[in-house]
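**Student:** Below you will find the structure I want to go over with you.
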Amino acid sequence: MKKGVLLFFILGFFFFRGYSQETRLPEEEIFHSVSSHDLLDYAAELSSAPYEGRLSGSPGYEKAARWVALQLKSWGIRPLLPDSSYFQWFSNPWTEVLDPGSVILLPSKGVARTTRRVLEFPEEFFPGSNSASGKVTGEVVYAGFGISAPELEYDDYAGLDVRDKIVMLESGVPYSKNDSLLKSWEKYSYHRYKFARARELGAAGLLYTGLVANPNTSYLDGFVYAHVGEAVAGELMKESGHTYASLKKEISQTLKPNSFETGRKVTIKAKTRHFGENRSCNVIGMIEGSDPLLKEEALIVGAHLDAVGHPGMLFPGALDNASGCADLLGAAKALASSGVKPARTIIFVFFGGEECGLYGSRASVENPWWPREKVLFMLNLDMVGNGKGFFLQGGLSYPAYLEHFQQVNNEFIHRNLRSSENRISYGRPRTDSAVFQTAGYPTMNLWTTESVKTVYYHHPLDNTAGLTPEIMEDAAKLIALSLLRIANDILL
Ligand SMILES: [Zn+2]
């Protein structure tokens, strides 16, 4: 009888404990505390006019960084740096685009059916994010990818005189396979190389094809440039007998340059102000581990806070990457507010200078704020806010971590979660995680897949209307719960 009573109490204890608030509280509370309303609010705040498109180095970016730090502080997420600061500063020159300027197509004497035409902004051209201020007029020469690579027997400028002319160029390199040969092309893939080469050959200015704003270029004294849409590129070369639509593909497929004078003239006007001596920052907060030994080990989760700024008008940078920052803020708040104490330390980083050339992540690996050998991994969030599924790049390389993401997804999220091995990229590093990977850190990237809204990349229409807040909510939940389980997994 006594034994029966005891058994009843023991079973009853486990039964009720199993369903009581205390045991299910931490994870379920985290789950229920994340709301798509909050996440959309964060993304809308960061995408709003007062932050001027968050161009790293600009006052608008610094304002955004201070806003993020204030949120972290209000949730009890502590600064990580020794002087109790949330900010890791680094050098970051920047250029303020004061107005859109203009691109004017001029009539050409020998070329039929050409009239003066002022291009529409932002439908047909974008100003150059690092253009010098001024005005330049010249004949347009199409010079492919703008690459002179003798060792690769490739020269877009062979037999071409571009002195005092305006070169029209493609970004990237003609070689597109991700294998070891791409490594030989890497140095030619930088906008900075292309600018320097064009200038070295005496070009007066530059037109980039494709409407993608990009501050990852160099400011050169007196060097004026702008971006033109593909329809304009086609219009400029039409009378010389070339078809733009097939041209780039042909060069890539044959690896044979196809450069020529278009016979057209343009004027580019730009109004900018350059700030050569400037700084920007990463914002770093942490939830310190509670286990006396495991707290020395850290999980890093990061998202770049900067975007492309205000080149002639506001480029809100909502998907790229206010979305990732909002997901990260949501996860950080849920973890901090739940009161759970993870065994290991969780570090939240909002990187600056990503769009300018990965300055913030480089500062992080060059002046590390956590011993590299004590970092389990760096998880990067970039453009995580439009779609129906998730892709955890690199997860298959770290099955013990991936398992936690998969279990959380199976128990709470129920989305399509795909993963891949962490492969080597032979091209130009294009994400903050690539910088960490090169420095020897295990890295993973989380993306949303199966876009449901049109993606506008580095474009004024990258605004909050292009976000799907319900997947942002799930991203924040997935991150918060997976990080917590990994931080508490004593078998790792
Ligand atoms: Zn991005």
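**Student:** Sum up the charges of everything whose Cβ sits under 11 Å from the Cβ of A226, counting Lys and Arg as +1 and Asp and Glu as -1, but leave A226 out.
**Tutor:** Details: positive: K269; negative: E124.
Result for the local shell: 0.
**Student:** Once you charge only the Cβ atoms, +1 for Lys and Arg and -1 for Asp and Glu, what is the size of the charge dipole of the chain about its Cα centre, to the nearest 20 debye?
**Tutor:** Values: 49 positive and 55 negative charges, 39 e Å.
The dipole magnitude comes to about 180 debye.
**Student:** A follow-up question, please. If you average the alpha carbon positions of region 37-77 and of region 400-422, how far apart do those two centres end up, in angstrom?
**Tutor:** 29 Å
**Student:** Using a cut-off of 9 Å between beta-carbons, work out the net charge of the residues near G427 (Lys and Arg +1, Asp and Glu -1, G427 not included).
**Tutor:** Numbers: positive: K183, R428, R430; negative: E186.
Net local charge, G427 excluded: +2.
**Student:** Ok, one more. Based on the mean of other Cβ atoms within 10 Å per residue, sort peptides 333-341, 276-284, 76-84 so the most packed one is first.
**Tutor:** 276-284, 333-341, 76-84
**Student:** For region 97-275, give me the percentage of DSSP beta bridges that are antiparallel, rounded to the nearest 5 percent.
**Tutor:** Values: 22 of 34 bridges.
Expressed as a percentage, antiparallel bridges in region 97-275 total about 65.
**Student:** Still on this structure, I have one more. Before anything else, pin down the relative contact order of the chain: Cα pairs under 8 Å, at least 6 apart, normalised by residue count, whole percent.
**Tutor:** On the way: 1135 pairs, mean separation 105.6, N = 492.
The value is 21 percent.
**Student:** In whole angstrom, note down how far apart the Cα centers of region 455-492 and region 266-319 are.
**Tutor:** The distance from the Cα centre of region 455-492 to that of region 266-319 comes to 17 Å.
**Student:** Hey, if you put +1 on the Cβ of every Lys and Arg and -1 on every Asp and Glu Cβ in the chain, which of N282, S337, V308 ends up farthest toward the positive end of that dipole?
**Tutor:** Checking the options against the dipole of the chain, the answer is V308.
**Student:** Shifting gears a bit: With a point put 7 Å past each Cα toward its Cβ, work out how far S84 is from R273 in nm, to one decimal.
**Tutor:** Between S84 and R273, the label points sit 3.6 nm apart.
**Student:** Something else now. Determine the relative contact order of region 97-275: mean sequence separation of Cα pairs under 8 Å and six or more apart, normalised by residue count, in whole percent. Mind dumping the intermediate values first?
**Tutor:** Numbers: 398 pairs, mean separation 68.8, N = 179.
Over region 97-275, the number comes to 38 percent.
**Student:** While we're on this one: State, in angstrom, two size descriptors of region 97-275 derived from its alpha carbons: Rg to one decimal place and Dmax to the nearest whole number.
**Tutor:** Spelled out, the Cα radius of gyration and Dmax of region 97-275 are 15.4, 47 Å.
**Student:** Here is a further query. Residues with beta-carbon under 13 Å from that of Y51, excluding Y51: net charge, scoring Lys, Arg +1 and Asp, Glu -1?
**Tutor:** Details: positive: R54, K63, R66; negative: E45, E52, E62, D306.
Here the count lands on -1.
**Student:** Related question: With both bridge residues required to lie in the chain, what share of the DSSP beta bridges run antiparallel, to the nearest 5%?
**Tutor:** Working: 42 of 76 bridges.
Antiparallel: roughly 55 percent of the beta bridges in the chain.
**Student:** Now, a different point. If region 282-328 were replaced by its equivalent ellipsoid, with semi-axes equal to the square roots of 5 times the Cα gyration tensor eigenvalues, what would those be, largest first, whole Å? Can you show the working numbers first?
**Tutor:** Details: eigenvalues 225, 16, 8 Å².
Calculated on Cα positions only, the semi-axes equal 34, 9, 6 Å.
**Student:** Now for a different question. Please state the charge dipole magnitude for region 260-353, taken about the Cα centre, from unit charges on C-beta atoms (+1 on K and R, -1 on D and E), reported in debye and rounded to the nearest 20. Present the calculation step by step, with values, prior to reporting the outcome.
**Tutor:** Working: 10 positive and 9 negative charges, 123 e Å.
That gives region 260-353 a dipole magnitude of about 600 debye.
**Student:** Moving on. Write down Rg/Rh for the chain, rounded to two decimals, with Rg from the C-alpha atoms and Rh from the Kirkwood relation over Cα pairs. Could you put the intermediate results ahead of the total?
**Tutor:** Values: Rg = 25.7 Å, Rh = 24.3 Å.
With Rg and the Kirkwood Rh in hand, the quotient comes to 1.06.
All of the numbers you see were taken from the coordinates with simple rules; none came from a lab. Quick caveat, the model's predicted, so the values are computed rather than measured. As a convention, Cβ positions derive from the backbone with ideal geometry for all residues, glycine included, and neighbour counts pool all protein chains shown.
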